[in-house]
Amino acid sequence: MDFNQILRDLKAGQFRPVYFLHGEEPYFIDVISGYIEGEVLSDAEKAFNQSVFYGKEVDHLAVLDAARRYPMMAERQVVLIKEAQEMRSLPELLTYIEKPMPTTLLAICYKHKKFNFNSKFGKALQKHAVVLESKLLYENQVPDWIHTYLKGKKLTITPKAAELVAEYLGSALAKVANELDKLAINLGPGAEVNEKHIETHIGISKDYNIFELQKALGRRDILTANRIVNYFADNPKKNPLPVIIASLYNYFSKVYQLHFAKNLPEKELIATLQLRSAFFLKDYRDAARNFPPEQAEQAIALLKDYDLKSKGVGYNNTGKPEGELMKELVWRLLH
């Protein structure tokens with residue numbers, strides 16, 4: 001079952017005896033377990049009917065003792081195992097999983113890795129429990145997730161603003177959600193989030209960011225590119241060189257790809273370049289005109305070289321500060 005369906009069922013009061021939440025992305029597990037812990041029982045019911053265990057500190061006997069009790073003055077009780085990946089005797093819950101108490105909601109949170117269901121215990125979970133695999137999102141999936149998350153807050157967001165948030169905050173969804181919550185609080189329902197809002201409430205500059213640098217490089221706009229890279233050099237904590245290099249490497253790789261895919265229909269071209277929409281295609285076409293295939297290839301090689309320099313690897317160890325390397329890199333990309 002997927003994340004949204006599980007959450008909808010829980011909010012509708014449709015509870016199942018066992019939930020097994022596993023996977024590399026902790027965010028989806030935390031949201032569901034947080035709802036179970038906070039909302040399934042009333043505050044008055046929680047005192048006698050809610051047990052929260054941590055995998056490193058509990059064994060199966062304590063969990064079984066709690067799960068097999070009958071609820072007191074409530075329809076059901078909740079038993080929650082957090083950090084279940086640390087629980088050595090977790091498979092010993094097999095007999096309970098095969099025949100759970102209908103008045104107990106047992107939620108097992110197995111975080112940071114995918115569970116192997118090949119064991120007898122795993123097969124029992126697949127048969128008798130609601131199972132969620134909480135997968136990490138690919139970087140190009142994060143902007144769409146941002147749109148969906150804000151839609152749930154009755155907000156919309158411009159494509160560029162969504163890309164900006166995703167680029168700077170990465171794919172750690174808990175961190176992204178925290179910043180989006182700030183936007184929701186400050187803007188209120190019905191607003192459209194734009195780059196100015198991102199700058200004001202999250203602190204990501206609408207003028208001095210990686211997308212504006214990419215655009216300036218793609219157009220060979222020396223003045224703008226230098227102004228942005230000087231800002232980056234003066235604010236290295238907000239704009240670390242390894243992140244800049246990774247973003248530019250991805251950018252020039254797509255520029256290079258475009259040369260060999262430019263005759264594809266637009267829809268196929270967008271899919272090939274892994275762009276979210278035609279909105280971003282124009283910038284890549286501009287860059288392809290200014291960076292023929294051999295120059296795009298040279299830019300990629302240059303970025304690899306400066307990646308090594310930034311890490312102080314072998315003969316590339318120049319000892320220069322990040323800001324100086326960044327300026328030097330941009331100058332060489334432009335010239």
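The values are calculated or read from the model by the stated rules, or taken from the named source; none is laboratory data. Computed from a predicted structure; not experimentally measured. Here Cβ is always computed from backbone atoms with ideal geometry, including for glycine, and neighbour counts include all displayed protein chains.
Quick notes on this structure:
- Only one of the numbered conditions (1) in contact with a strand residue (DSSP E or B) (Cβ under 7 Å, 6 or more places away or on another chain); (2) in contact (Cβ under 8 Å) with a residue 60 or more places away in the chain is not met by Pro102, and that is (1).
- Only a single criterion out of (1) surrounded by 14 or more Cβ atoms within 10 Å (Cβ to Cβ); (2) among the small types (Gly, Ala, Ser); (3) within 21 Å of the chain's Cα centre (by Cα) is not satisfied by Ala233, namely (3).
- Residue within region 303-323 that is more than 25 Å from the chain's Cα centre (by Cα), part of a loop (DSSP other than H, G, I, E, B) and small (Gly, Ala, Ser) present: yes
- For region 159-185, the tally of residues that are surrounded by 13 or more Cβ atoms within 10 Å (Cβ to Cβ) and of a type in the set (S, T, N, Q) stands at 1.
- Residue that is nearest to His112 (Cα to Cα) [pool: residues in region 4-22 that are in contact (Cβ under 8 Å) with a residue 12 or more places away in the chain and surrounded by fewer than 19 Cβ atoms within 10 Å (Cβ to Cβ)]: Leu7
- Whether a residue is surrounded by fewer than 16 Cβ atoms within 10 Å (Cβ to Cβ) and not acidic (Asp, Glu) was assessed, and Lys304 passes this test.
- Among the residues of region 223-255, the one identified as part of a loop (DSSP other than H, G, I, E, B) and within 13 Å of Asp307 (Cβ to Cβ) is Pro240.
- Residue satisfying all of: in region 263-288; basic (Lys, Arg) and surrounded by 12 or more Cβ atoms within 10 Å (Cβ to Cβ); nearest to Leu302 (Cα to Cα) among these: Arg285
- Criterion violated by Leu132 - all others in (1) assigned to a helix (DSSP H, G or I); (2) touching a Leu at 6+ places or on another chain (Cβ under 6 Å) satisfied: (1)
Listed here are the residues, each with its yes/no results for (1) surrounded by fewer than 18 Cβ atoms within 10 Å (Cβ to Cβ); (2) within 32 Å of the chain's Cα centre (by Cα); (3) not charged (D, E, K, R).
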residue	(1), (2), (3)
Tyr35	yes, yes, yes
Phe53	no, yes, yes
Arg88	yes, yes, no
Thr95	yes, no, yes
Ile108	no, yes, yes
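- Residue selected from region 158-188 under the condition acidic (Asp, Glu) and over 20 Å from Pro236 (Cβ atoms), by the criterion farthest from the chain's Cα centre (by Cα): Asp181
- Region 189-206, subset among the charged types (D, E, K, R) and under 21 Å from the mean Cα position of the chain (by Cα), residue surrounded by the most Cβ atoms within 10 Å (Cβ to Cβ): Glu195
- Set Lys123, Lys113: member being without any contact (Cβ under 8 Å) to a residue 60 or more places away in the chain and assigned by TED's automatic domain parsing to the domain that holds Tyr27: Lys123
- Scan of region 256-290 for residues that are part of a loop (DSSP other than H, G, I, E, B) and more than 14 Å from Glu163 (Cβ to Cβ), ordered by number: Lys262, Asn263, Leu264, Pro265
- Qualifying positions in region 51-102 - closer than 22 Å to Tyr35 by Cβ and polar (S, T, N, Q): Ser51, Gln77, Gln85
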